[in-house]
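Heads up, the thing below is written out as C-alpha cells.
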Amino acid sequence: MATLREVVAEIEASGGYARAVVCDVSDEAFVRHAVAAAIGDAGRLDFGVNSAGVSGGDDLRPTADYATGTFDRIVAIDLRGTFLSMKYELEQMASQGFGSIVNLASGAGLVSVPGFSGYTAAKHGVIGLTRTAALDYGSLGIRVNAIAAGLVATPLVATGRSARIAAHPLGTHCATR
C-alpha cells in the first residue's frame, strides 16, 4: 500500500486527482465497494487499471495434472476479477460518457505457455473480454485496452523465477527499474 500512496501523492503533486483502492477482486461485493470508493467525492471515474493477477507460482504441470483448485483461483483473480472490475467501471463511465480502461493481460494471453493452463486460459479470457468491451463501449466514448507484457521480474514472480525462465522460449524476462 505504501507504493500506491506514493503514486497517488505524485499524481496529486502534479495537479491531478487519484485514489488507490485495494480489494479482493474475486469478490463482487468488494469490487463494487472499491469502484464506488474510487469514484468517491469526485463523482467520476475517468481511468481504470485492472492489474490484479496470479500465475500459480512455479507449479508447472501439464493440463491433465493441473490442480483444479489452482486453476479456479487463477481464473477467479485474473479473469473474473477483471470482469467484475470492468463491470462496475463501465457502468460509471457509461453514465458520464467517457473513460478509459487498461487491463493487464499477458503474452500468455496471446500464445500458450507450457505448464500454465490456468494462467494461459485466464489471460486469453482477459484479452477476449477486453476486445468485446472495446466494441460494446467504444461508441460511448470509452476506450478499453489490454497490455500483454511478457515475463517481468517482480517480487511476486521471484519464487518461481527459474522455472518460468526455463519454460520461456527466450530463456529470459523483462526487468523492472
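Only the coordinates and a few stated rules stand behind these numbers; no lab work does. Because the structure is predicted, anything quoted here is derived from the model rather than measured. Heads up, the Cβs are rebuilt from the backbone with ideal geometry, glycines too, and the neighbour counts pull from every protein chain shown.
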To make sure I understand, if each residue's beta carbon is the centre and we count other beta carbons within 10 Å, what order do Ile101, Ile39, Ile11, Ile142 fall in, fewest to most? Ile11, Ile39, Ile142, Ile101
Apply the Karplus curve 6.51 cos²θ - 1.76 cosθ + 1.60, θ = phi - 60°, to the phi angles in segment 72-79 and return the couplings in whole Hz, x for Gly and Pro. 4, 5, 5, 5, 4, 7, 6, 9
Quick check: residue separation of Glu10 and Asp41 times 0.36 nm, minus the Cα distance between them. What number comes out in nm? 9.2 nm
Centre separation in Å (Cα based) which lies between segment 1-41 and segment 69-109: 15
Cut-off is 10 Å between beta-carbons; in what order do Ser106, Ser100 appear when sorted fewest neighbours first? Ser100, Ser106
If each K or R counts +1 and each D or E counts -1, the residues other than Met93 whose Cβ falls under 14 Å of its Cβ total -1
With Rg from the Cα atoms and Rh as the Kirkwood inverse mean 1/r over Cα pairs, segment 1-159 has an Rg/Rh of 0.99
